[in-house]
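Notes follow once the structure below has been shown.
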Amino acid sequence: GAGVSQSPRYKVAKRGQDVALRCDPISGHVSLFWYQQALGQGPEFLTYFQNEAQLDKSGLPSDRFFAERPEGSVSTLKIQRTQQEDSAVYLCASSTRGTSVANEQFFGPGTRLTVL
Amino acid sequence: GDSVTQMEGPVTLSEEAFLTINCTYTATGYPSLFWYVQYPGEGLQLLLKATKADDKGSNKGFEATYRKETTSFHLEKGSVQVSDSAVYFCALKGGGNNRKLIWGLGTSLAVNP
C-alpha cells in the first residue's frame with residue numbers, strides 16, 4: 001500500500017525565494033505532522049493538523065513558515081523569503097487519530113531543502 | 001519542557017556483538033517512549049514503543065524497557081548484524097492530548113562483518 005509521499009525530494013532555492021513543500025499522507029489518516037531535521041540532528045516539531053484544523057503550530061520558527069491542509073488530506077508547507085538557516089530535511093508524518101496516545105506516526109522520505 | 005538525551009555516536013561494532021544505545025528523558029506526566037530507525041536512503045520507521053512504566057517494547061531482536069525510576073529507555077540487541085547499520089532515534093510523546101514527538105539527536109550505528 002502507499003505510504004506517506006513528499007515532493008519534491010530535493011529543492012535548491014536561492015536566498016529570498018519562496019518554496020512550497022507537499023505532503024500526501026496515508027489515505028484515511030486524520031493526523032498530519034511536519035518536522036524539520038537539520039544535518040546531524042534529530043527532528044524538531046513544526047506543526048500538527050487534525051483533519052483540516054491546525055491544532056498546534058508552536059514549532060514554526062518564524063512567520064515566514066506557513067502550513068495548510070485545506071481539505072484534510074494533502075498538506076503544503078510554505079517557506080517565504082528563505083534563509084540559509086532554513087536548509088534542512090523537512091519530514092511529514094501521518095497517523096490515525098484513534099484513542100491511543102501511542103498511535104504510530106508514519107514518515108515520508110522527506111524533502112531536502114538547500115538554500116544558497 | 002520535555003526532552004530526550006541520547007548517547008552520542010557513531011557506534012561501530014563487529015557482527016554478533018552486543019548493542020546498547022542509552023536514552024534518558026525528562027517529561028511531565030506519563031509519556032510514551034519510542035525508538036525509530038532510519039536505514040541509509042530510507043525514511044524513519046518505528047522500531048518499537050512502550051506506553052507505560054515497566055513495559056518492554058521489542059522488534060527484530062531489539063528490546064527496550066520503560067524505566068520510570070531511572071527515566072530511561074535504553075535500546076539493546078544481543079547480536080547485531082550488518083543489516084542493522086542505521087541511525088537510531090529515541091523519542092517521546094507527552095501525556096494527554098500532546099501528540100508531537102520530542103526527539104533525541106540520533107545515534108549512528110555501523111556494524112562491520
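The values are calculated or read from the model by the stated rules, or taken from the named source; none is laboratory data. Please read all numbers here as calculations on a predicted model, not as lab measurements. When we count neighbours, we look across all protein chains shown, and the Cβ atoms used for this are built from the backbone with ideal geometry, even at glycine. Quick note on the areas: whole protein, heavy atoms, side chains included, nothing else; ligands and nucleic acids left out. Shrake-Rupley method; radii C 1.70, N 1.55, O 1.52, S 1.80 Å.
What to note about this one:
- Considering region B:67-97, and only residues there that are in a loop (DSSP other than H, G, I, E, B) and within 11 Å of another protein chain (Cβ to nearest Cβ), the residue that is surrounded by the fewest Cβ atoms within 10 Å (Cβ to Cβ) turns out to be B:N97.
- On inspection, B:T12 qualifies as assigned to a strand (DSSP E or B), modelled with pLDDT of 95 or more and surrounded by fewer than 17 Cβ atoms within 10 Å (Cβ to Cβ).
- Residue within region B:84-98 that is under 30 Å from A:Q50 (Cα atoms) and free of Cβ contacts under 8 Å to residues at least 40 places away in the same chain present: yes
- Test set (1) modelled with pLDDT of 95 or more; (2) assigned to a strand (DSSP E or B); (3) open to solvent by less than 30 Å² (accessible area, probe 1.4 Å) - B:A17 fails condition number: (2)
- Residues that are within 16 Å of A:S27 (Cβ to Cβ), assigned to a strand (DSSP E or B) and more than 10 Å from every other protein chain (Cβ to nearest Cβ) were ranked within region A:65-116; the one that is farthest from the chain's Cα centre (by Cα) is A:S94.
- Selection within region A:36-45: residues that are without any contact (Cβ under 8 Å) to a residue 40 or more places away in the chain and assigned to a strand (DSSP E or B). The member of this set that is most open to solvent (accessible area, probe 1.4 Å) is A:E44.
- Set side by side, the residues B:K60, B:K100, B:K56 differ, and just one is basic (K, R) and crowded, with 19+ Cβ neighbours inside 10 Å, which is B:K100.
- Summed over region B:49-65, residues that are within 11 Å of chain A (Cβ to nearest Cβ) and out of contact with any Ser or Thr (no Cβ under 6 Å at 6 or more places or on another chain) total 5.
- Of all the criteria given as (1) surrounded by fewer than 14 Cβ atoms within 10 Å (Cβ to Cβ); (2) within 26 Å of B:V87 (Cα to Cα); (3) more than 10 Å from chain B (Cβ to nearest Cβ), the one not satisfied by A:E52 is (2).
- Criterion violated by A:F66 - all others in (1) open to solvent by 10 Å² or more (accessible area, probe 1.4 Å); (2) at pLDDT below 95; (3) in contact with a Ser or Thr (Cβ under 9 Å, 6 or more places away or on another chain); (4) not aliphatic (A, V, I, L, M) satisfied: (2)
- Restricting attention to region A:17-35, the residues being open to solvent by 40 Å² or more (accessible area, probe 1.4 Å) and not aliphatic (A, V, I, L, M) number 6.
- The residues of region B:20-66 that are part of a strand (DSSP E or B) and of a type in the set (S, T, N, Q), listed by number, are B:T20, B:T24, B:T26, B:S32, B:Q38, B:Q45, B:S58, B:N59, B:T65.
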